[in-house]
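Input: a single structure, listed below in structure tokens.
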């Protein structure tokens, strides 16, 4: 890649194409800072090129996923069954209803401590949380200020992939139970 990009301000389309190639080739989500370093572009240029890439991928088989400062190119959910059949990945067990419920609480309330999750669910969640961490669907995102400084949980890029949304902003609005 040309090292003169920063000085010559490449067209957004060129930078967007470079970002697409980098993200396609990466086997993990990349931070915006890593994309800046790889392309020798500033943050605003990278953000603009990412937005152009997101728009260009509308209606395509892949989508640009974003989780905080991480970016990833992934299969659109509506095409995942065909990809699964073609690639025959190793089958990992399905999530239990308790795991989905716990994931929903974390997704909408993050960062949230185990005690907050257990208050909503009304049961001990330690084993469910351990299982979700092992599957890389949640991670520790900090420590609470209360006694013992409890772990605070948040979702991961893998969570977005499993749920099939581009970012946390695309989660559906929670339906309140009007009992």
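Just so you know, all these numbers are worked out from the coordinates, no wet-lab data involved. Predicted model only: the values in this text are computed from it and were never measured. Methodologically, a virtual Cβ is constructed for each residue, glycine included, from the backbone with ideal geometry; neighbour enumeration extends over all protein chains shown.
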To the nearest 10 degrees, the tilt of helix 12-25 (Cα long axis) against the first principal axis of the alpha carbons of the chain is 50 degrees
For the stretch 122-165, the Cα convex hull volume per residue in Å³ comes to 97 Å³
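Fewest Cβ neighbours within 10 Å first, please rank 151, 31 accordingly.
On the way: 151 17, 31 12.
Neighbour counts put them in this order, fewest first: 31, 151.
Where Rh is the Kirkwood radius over the Cα pairs of the stretch 5-86, the temperature 25 °C and the viscosity 0.890 mPa s, what D in µm²/s does Stokes-Einstein return?
187 µm²/s
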Tilt, helix 97-109 to longest principal axis of the chain (alpha-carbon atoms), in degrees rounded to tens, equals 60 degrees
Note to self, the chain gives a 222 nm [θ] from helices alone (DSSP H runs n ≥ 4, -39500 (n - 2.57) apiece, / all residues, nearest 500) of -13500 deg cm²/dmol
Per 10 angstrom bin, beginning at 0 and ending with the bin that holds the maximum distance, the Cα pairs of the stretch 97-170 fall in percents of 20, 57, 22, 2
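When N counts the residues of the chain, how does its alpha-carbon radius of gyration compare numerically with 2.2 N^0.38 Å, as a ratio?
Numbers: Rg = 19.0 Å, N = 179, 2.2 N^0.38 = 15.8 Å.
The value comes to 1.20.
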